[in-house]
1. Assuming residue 37 fulfils every condition listed in (1) more than 16 Å from ligand 2 (Cβ to nearest atom); (2) in contact (Cβ under 8 Å) with a residue 12 or more places away in the chain; (3) more than 17 Å from residue 106 (Cα to Cα) apart from one, which condition is it?
2. Can you tell me which residue in the range 57-86 is surrounded by the fewest Cβ atoms within 10 Å (Cβ to Cβ), limited to those that are among the charged types (D, E, K, R) and more than 15 Å from residue 121 (Cα to Cα)?
3. Tell me which of these residue 51 doesn't satisfy, since it passes every other one: (1) surrounded by fewer than 16 Cβ atoms within 10 Å (Cβ to Cβ); (2) in contact with a His (Cβ under 6 Å, 6 or more places away or on another chain).
4. What pairs come out if I take residues in the range 110-121 that are within 12 Å of residue 83 (Cα to Cα) and pair them with residues that are near ligand 2 (Cβ under 9 Å from one of its atoms) whose C-beta lies under 7 Å away, six or more apart or interchain?
5. Residues of the range 44-84 being near ligand 1 (Cβ under 9 Å from one of its atoms) and closer than 19 Å to residue 5 by Cα, which ones?
6. Looking at (1) modelled with pLDDT of 95 or more; (2) hydroxyl-bearing (Ser, Thr, Tyr); (3) farther than 21 Å from residue 10 by Cα; (4) surrounded by fewer than 16 Cβ atoms within 10 Å (Cβ to Cβ), can you tell me which one residue 94 breaks?
7. Are there any pairs, at least 6 apart or on different chains, whose C-beta atoms fall under 6 Å, with the first in the range 84-105 and closer than 16 Å to residue 32 by Cα and the second among the small types (Gly, Ala, Ser) and surrounded by 15 or more Cβ atoms within 10 Å (Cβ to Cβ), and if so, which?
8. For the range 57-73, check the following and say yes or no: at least one residue is in contact with a Leu (Cβ under 9 Å, 6 or more places away or on another chain) and closer than 30 Å to residue 105 by Cα.
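The values are calculated or read from the model by the stated rules, or taken from the named source; none is laboratory data. From a predicted model like this one, the values you see are computed outputs, not experimental measurements. In this analysis, Cβ positions are derived from the backbone assuming ideal geometry, glycine residues included, and neighbour counts consider all displayed protein chains.
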Amino acid sequence: MESPIAAVLQQDHARLDRLLESAAEAVRAGRWKEAAVLLERFRHGIVDGHMDVEEKILFPAFERWETDVEHSLTALLKKGHQDLRVFFQEMAETIGASDMEEFLDLLGTVQTILRQHDAKEEAELYPFLADALPDGGGHGRRPAG
Ligand SMILES: [Fe+2]
Ligand SMILES: [Fe+2]
């Protein structure tokens, strides 16, 4: 059975995919102001929320738990986050410039990277978090002290 924490994280991937798609819809309709707001909502949700929790809590817990001393999986995932953050910034710039063609180009790239990144996490990381986290991931956060 899937652990609650794996299910929550997977649902968050789906929620963020929908947010990005809604920003893209606004771009396709030429509603640039709305697109900027929606893209920023997506960026904030994924960068300051999802990726932040992964990098500060989940990856370190997995690294302590796993046997791979080089942490190749989390190193790859962190590099993916770095690349994605750059792409999000570039997408925001194309919205600022009302450049639909360039935005849609970037969108295709970002959605491909995200799909692969999320699939890798869902297959190789999330299933092990319930064991890797000290409280079984019940609260998703190690108690202070
Ligand atoms: Fe991630
Ligand atoms: Fe993720």
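1. (2)
2. Here the residue is 70.
3. Unmet condition: (1).
4. 117/77
5. Result: 46, 50, 51, 54, 55, 58, 59, 77.
6. For residue 94, the failing item is (4).
7. 95/35; 95/36
8. Looking for residues that are in contact with a Leu (Cβ under 9 Å, 6 or more places away or on another chain) and closer than 30 Å to residue 105 by Cα, one finds at least one in the range 57-73, hence yes.
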